[in-house]
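For reference, the structure is listed below as C-alpha cells.
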C-alpha cells in the first residue's frame, strides 16, 4: 500500500504530464521533456523523476519552476503545491469561535418558517431549524439525526434513511449530482488535503454496496470532469441556481413543494460554513407552505436546543475539526 507521500508524488506526476499535453494543445507544437527541462531550469534526470511520480526530496525552487513553466491554472497551482507539501492545510477557527458564531445563527433561524440550517464546507450539518423536520418526516426524527453528525450525502445516498422517499426519482438523481458538484466546487482548492483525498472511501464505508457503487460512480464522474468547466447551460442548471422540487406526504396543496435554495457563506468563519435556507419558488405558495411547516415550529425550547450538534454530550466539535485538519 502506498504512503500518502508516494500517492501525492504520483498525482503530481500525473498533473505535470497533463500540463505538458495542455502546452502542446495551446502552443500547437510538441512539448517534450527537454522543453520542460529548459523552462524549469533543472536537470533532465530530476524532471523525468518528477514526471514519473518518483518520491524525492526535490528542491522547492525546482517544483516552483516546473509549475510556472507549465502555466497551470490557479486551482491547479494550489493543488500542485499542496501535493508537494508547499501549501498549508486549511486553518479552521477555534471550537469556541465556531460555537459562539453558530449559536447566533441558531437563534436567527429558529423561527424561520421554512427549512434552514448551517453546514460545513464538507456538508456536515452543525445546526438545523425546526422547520427542517418537514424534509425528514417528524421533529423527533430530526432530533435523532442531529447527534449522528449526518451530512447532506447521508440523506441523499444512504437509502436506509428514506428521507427523499416521496420525491420523484429523477429529481433525486439530479439533486445527488448537483450536491456532489457543489462539494467539489466548494472544496476544489482543498483537494490536496488528506480529508478530501480520503472522503470518498470513508463516506462509502457507511453505505450498502448498492448505494456505495452509485455514489462512487457519481463522485468519479465529477472528479474526472473537475469544476472549472461547469456550464450553467447544462441540464442541471436549475440546481446550480438553487431550485429544488421535493416530495412530501399528501397535503392540501399536493405531493410536492418547489423551493429556491439559497447558500450564504458565513464570512466570520472564513467561508468554511454556509447558511442554507429555502423559500417557495412561487410566492403564491407562501401561505400554504407556511401552514405545512408551522406544525414543526412550536417546539419546547429545550428540544430546539437539541438541533445544535454541540448540545449533545457525545458530540465533540474539536474532534470533528481534528479530522478536517488531519495531515497524514
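Taking the criterion of being surrounded by 18 or more Cβ atoms within 10 Å (Cβ to Cβ) and touching a strand residue (DSSP E or B) at 6+ places or on another chain (Cβ under 6 Å), the only residue of segment 159-188 that qualifies is 167. For segment 1-32, give me the residue count where each residue is farther than 30 Å from residue 196 by Cα, surrounded by 13 or more Cβ atoms within 10 Å (Cβ to Cβ) and in contact with a helix residue (DSSP H, G or I) (Cβ under 9 Å, 6 or more places away or on another chain). The total comes to 1. Considering segment 27-143, the qualifying helices (runs of 4 or more DSSP H), each wholly inside and each with 3 or more residues that are more than 24 Å from the chain's Cα centre (by Cα), run over 33-40, 44-51, 60-69.
Within segment 146-175, being part of a loop (DSSP other than H, G, I, E, B) and either over 18 Å from the mean Cα position of the chain (by Cα) or not assigned by TED's automatic domain parsing to the domain that holds residue 124 (or both) holds for 159, 160, 161, 162, 163, 164, 165, 166, 167, 168. Read through the list (1) modelled with pLDDT of 70 or more; (2) under 24 Å from the mean Cα position of the chain (by Cα); (3) over 22 Å from residue 150 (Cα atoms), then give the number of the only condition that residue 231 fails. The single condition residue 231 does not satisfy is (1).
Residues considered: 86, 135, 156. Of these, the only one that is crowded, with 19+ Cβ neighbours inside 10 Å and in contact (Cβ under 8 Å) with a residue 24 or more places away in the chain is 135. Quick check, is residue 191 surrounded by 17 or more Cβ atoms within 10 Å (Cβ to Cβ), under 14 Å from the mean Cα position of the chain (by Cα) and closer than 19 Å to residue 326 by Cα? Answer is yes for this residue. Output the residue which, of all residues in segment 270-287 that are surrounded by 16 or more Cβ atoms within 10 Å (Cβ to Cβ) and free of Cβ contacts under 8 Å to residues at least 60 places away in the same chain, is farthest from residue 121 (Cα to Cα). So, considering only residues that are surrounded by 16 or more Cβ atoms within 10 Å (Cβ to Cβ) and free of Cβ contacts under 8 Å to residues at least 60 places away in the same chain, the one farthest from residue 121 (Cα to Cα) is 285.
The values are calculated or read from the model by the stated rules, or taken from the named source; none is laboratory data. Source: prediction; values computed, not measured. Cβ: placed from backbone, ideal geometry, glycine included. Neighbour counts: every protein chain shown.
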